[in-house]
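Have a look at the structure below before the remarks.
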Amino acid sequence: MLIVFIGPPGAGKGTQASRLAAELGIPHLSTGDILREAARQQTPVGQIAAKYLGSGQLVPDQVIVDVIGERITESDCEQGVVFDGFPRTLPQATALDALLEQRGTPLKIALSLDVPEQMLIDRLMARGRSDDQIETIHKRFESFDQLTHPILEYYRQKGLLREIDGTGTPDDVYAQVLSHWKTPPQVLS
Ligand code: ADP
């Protein structure tokens, strides 16, 4: 069962993805968390990632695709994965399809969380992670609009996209996640 969450910074992907993953008993893979941990441990990938993380820019596609490609071959991912923050560009989305084709397990659903920009800014400022500075936040929004937004159309055309209003409480949003989950796109049923 392979699921992706898509949304701008602050949309609540992490909260929803971790809850759904726990309920389904499969890993929640947050590429932001994976890259921050690699940077903290100063692994080779982490040293590359560190150059991008603080600036609000995306790490190069091939770096993250390699990390994910390896991670999903681990045994805990056999039953599926909930991706959070990946894919984030069209090349990442097509690379994920290629990886999943190799495994023989296609993507099940792409859940997009929609939240107006001012609410995102308020949430990020309240969260206060080290990259949650107003300038970096604007760079991350720009990356989202230019690089990530096109993957919504990509998944829409595949009949996999489900759009969710992310403005409510975590419980409200999760109820919507589950409702889409229980009525997956027709093409899959
Ligand atoms: P947010 O969604 O709030 O920006 P994340 O924790 O998902 O937070 O990501 C933090 C940073 O990690 C991003 O700004 C980017 O630099 C990097 N990153 C995470 N996922 C990816 C990815 N799939 N491709 C490239 N860079 C990524």
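Just so it is clear, none of the values below were taken in a lab; they were calculated from the coordinates. Please read these numbers as outputs of a predicted model, since none were measured by experiment. All Cβ positions, even for glycine, are placed from backbone atoms using ideal geometry, and neighbour counts span all protein chains on display.
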### Message
Bin width 10 Å, origin at 0, all Cα-Cα pairs of the chain: what percent of pairs per bin?
### Response
9, 38, 39, 13, 1
## Note on the structure
HN-Hα couplings for the range 112-118 via Karplus (6.51, -1.76, 1.60; θ = phi - 60°), in whole Hz with x for Gly/Pro, come out as 9, 9, 10, 9, x, 4, 5
### Query
What is the total of Lys pairs in the chain with C-alpha atoms under 30 Å apart, excluding same-chain pairs fewer than 8 positions apart?
10
### Task
List the relative contact order of the chain as a percent without decimals, with contacts defined as Cα pairs under 8 Å and 6+ residues apart.
32 percent
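Within 10 Å, count the other beta carbons around each residue, average over each peptide in 12-18, 116-122, 27-33, and list them highest first.
On the way: 12-18: 21.0, 116-122: 13.7, 27-33: 19.3.
So the peptides 12-18, 116-122, 27-33, ranked by packing, come out 12-18, 27-33, 116-122.
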## Note on the structure
One quarter of the C-alpha convex hull surface, i.e. the mean projected area of the range 99-143 in nm², amounts to 4.8 nm²
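At 222 nm, what helix-only mean residue ellipticity would the chain give, in deg cm²/dmol to the nearest 500, using -39500 (n - 2.57) for each DSSP H run of four or more? Before the final figure, lay out the partial values.
Values: 9 runs with 101 residues, N = 189.
The helix contribution divided over the chain gives -16500 deg cm²/dmol.
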### Message
Going 7 Å from the Cα of S130 along its beta-carbon direction, which residues of the range 38-78 have the amide nitrogen within less than 14 Å of the resulting point?
### Response
38-43, 46-56
